[in-house]
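K.L.:
This is the structure I want to talk about, given as structure tokens.
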Amino acid sequence: MAASSLAPSSDMYRTSLTAASRPDFDGFYAANVNPITAQIRAYVGDLAEAEDLVAEAFCRALGRWRTISAYDNPAVWVRRVAWNLATSRLRRRAVLRRLLLRQRPAHVEGPRPDRIDLEQALAELKERHRKAVVLYYLADMTTAEIAEQEGVAETTVRSWLTRGRAALAERLRIDEPEERQ
């Protein structure tokens, strides 16, 4: 396949840029992307995140290039947009962190061995049997509610539960130690 056929068609990426202003933006981008990215990286502490933020700022500038190109220093506008995006992201992250700290229980014990055995046994069940058992016993749904959610007959759900219970009983069977004689 020729390289020219791999290029996107011009109507795929319509912008308000004229042919004369596109090279102007390309040169502006090339001259400013690295310094702005370095500044934003120093602010957020992560190169990949800084690159994403700066890319978003340049995309916004591209859409408004006719106006922004008339500014004394368009890089100031792009830097401000990237900085504002970074500040917003850092604030959202801080709010989320505070929320998670408030929501975290003071102390949670690890799962008991019987819980680990149950989770492992559930993982080994067929998906529909596992789902029926979980919805019935853990979500406290009736067989009618499960049937409605899954779009099957209630008898099908009862069959899944029966087979799921049987498979769980087999997997969770506790063998009694043999008596010594």
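What follows draws every value from the coordinates through simple rules; no lab data is involved. Given the structure is predicted, the values throughout are model-derived calculations rather than measurements. Cβ atoms come from the backbone with ideal geometry, glycine included; neighbour counts cover every protein chain shown.
K.L.:
If each residue's Cβ is checked for other Cβ atoms within 10 Å, how do Leu53, Leu62 rank with the fewest at the top? Display every interim value, and only then the final one.
P.N.:
Numbers: Leu53 26, Leu62 18.
Going from sparsest to densest Cβ surroundings: Leu62, Leu53.
K.L.:
Using just the C-alpha positions of the range 30-109 as equal point scatterers, what log10 of I(q)/I(0) does the Debye formula give at each q in 0.17 1/Å?
P.N.:
Those come out to -0.68, one per q.
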